[in-house]
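The values are calculated or read from the model by the stated rules, or taken from the named source; none is laboratory data. This is a predicted model, so every value here is computed, not measured. Reconstructed Cβ throughout: ideal geometry from the backbone, glycine too, with neighbour counts over all protein chains shown.
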Amino acid sequence: MPATVLSQPEVSVIVPTYRRFEPVLQTVSALLGQDYPRFEVLVADQNRQWPDTLEERVAALRRDRRVRWMNLDQPGVVRARNQAVEAARGEILLFVDDDVFVPSRQLIAAHARHFQDQAVVAVIGRERQLTDAAIPDAPLPPLDGAPVLPPPASLTPLQQALWFDRNGTAPQHVCTFSTCNGSLRRTAFLGVGGFDEGFRGNSYGDDYDLALRLHRNGGVMIYDPDAWLIHRRVPLGGLRLSDAGNTASGTDTIEGFWRFIFRHGHAGMYAYLVRTHVLRKTVLLRRNLMRPWRQPMIMLQTARACWRAWRRAGAPPQSRFTTPSAMESR
């Protein structure tokens with residue numbers, strides 16, 4: 001096999017989408033302009049229906065041989081990502097949100113080049129904001145052009161996962177992951193069972209959960225600011241808890257918050273996790289504070305979800321990749 005093929009592995013770019021019709025079309029169109037020879041874009045479409053005004057644009061994208069458009073039966077972003085991985089052909093899996101701008105034509109190349117090092121299992125790219133200064137789209141600098149900083153020794157892996165600044169300018173070894181702009185070696189992803197489908201509803205924390213399981217397996221994860229995009233943070237659709245149009249089960253969503261705490265929490269972090277990963281997304285969520293009549297229901301959902309998660313504490317990740325038949329086929 002030619003050396004050029006080894007240095008440019010096939011990349012499957014996975015874009016789950018829900019109720020972000022115009023943004024995801026812009027995202028996919030930008031991805032198709034990437035300066036990389038071997039990639040596919042898998043759109044995990046969880047929408048039952050699209051606006052009539054956009055059907056022609058969707059059809060045009062679906063005709064592109066690099067696009068594989070998956071129509072999924074029901075919303076569920078963690079399940080959607082795993083379903084896309086099942087269908088993906090690439091050795092490298094690049095996860096991208098459905099509300100990003102991709103001004104750089106080097107995004108895929110910036111991720112892919114790190115996997116020439118067999119120790120690297122994941123790369124986390126930079127998530128810039130709309131208000132950040134523009135960056136010219138220039139050729140990628142050599143990998144040895146800047147030292148890769150070690151992870152901060154003062155932080156535990158859990159603290160690294162939660163607190164790392166994904167808009168920093170320095171390359172660094174990390175213990176974190178982001179499905180907004182993060183890539184994985186397929187074998188490493190399958191080796192830890194993929195995303196835990198126990199994170200349901202408006203899932204939060206499933207990417208950090210994956211990073212911590214990769215870390216426990218000894219995987220090397222690198223943050224590369226040259227693999228950058230702009231996160232638009234569209235207020236509607238996706239996983240926005242503040243979007244009243246999202247119909248995901250509140251109890252299912254909150255159970256994922258508690259699941260993360262029971263699996264990864266440790267002394268000195270429990271109060272922080274309960275405050276930031278449960279209360280701020282439930283009883284202290286602005287949408288709920290502005291509607292105090294919702295609070296009894298939210299409190300009941302939070303307590304019920306805690307009980308459900310507690311009963312399952314210690315259980316391994318649940319996914320299509322951890323069933324006996326899936327394990328035997330690897």
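Key figures for this structure:
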item	result
Odd one out for Trp50 among (1) within 13 Å of Trp69 (Cβ to Cβ); (2) within 16 Å of the chain's Cα centre (by Cα); (3) of a type outside the set (Gly, Ala, Ser)	(2)
For Leu184: the one exception among (1) within 19 Å of Val43 (Cβ to Cβ); (2) in a loop (DSSP other than H, G, I, E, B); (3) of a type in the set (A, V, I, L, M, F, W, C)	(2)
Scan of the range 120-130 for residues that are modelled with pLDDT of 95 or more, among the hydrophobic types (A, V, I, L, M, F, W, C) and either surrounded by fewer than 24 Cβ atoms within 10 Å (Cβ to Cβ) or closer than 23 Å to Ala30 by Cα (or both), ordered by number	Val120, Ala122, Val123, Ile124
Test: Thr131 is of a type in the set (S, T, N, Q), in contact with a strand residue (DSSP E or B) (Cβ under 6 Å, 6 or more places away or on another chain) and part of a loop (DSSP other than H, G, I, E, B)	no
Val192 being β-branched (Val, Ile, Thr), out of contact with any Pro (no Cβ under 9 Å at 6 or more places or on another chain) and at pLDDT 95 or above	no
All helices (runs of 4 or more DSSP H) inside the range 250-306 with 1 or more residues being out of contact with any helix residue (DSSP H, G or I) (no Cβ under 9 Å at 6 or more places or on another chain) and under 19 Å from Asn202 (Cα atoms)	286-289
Odd one out for Ala146, checked against (1) buried (at least 19 other Cβ atoms within 10 Å of the Cβ); (2) more than 17 Å from Asp97 (Cβ to Cβ); (3) not charged (D, E, K, R)	(1)
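Conditions (1) modelled with pLDDT of 95 or more; (2) more than 18 Å from the chain's Cα centre (by Cα); (3) of a type in the set (Gly, Ala, Ser), marked per residue:
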| residue | (1), (2), (3) |
| --- | --- |
| Pro141 | no, yes, no |
| Ser154 | no, yes, yes |
| Leu158 | yes, no, no |
| Gly182 | yes, no, yes |
| Gly198 | no, no, yes |
| Val220 | yes, no, no |
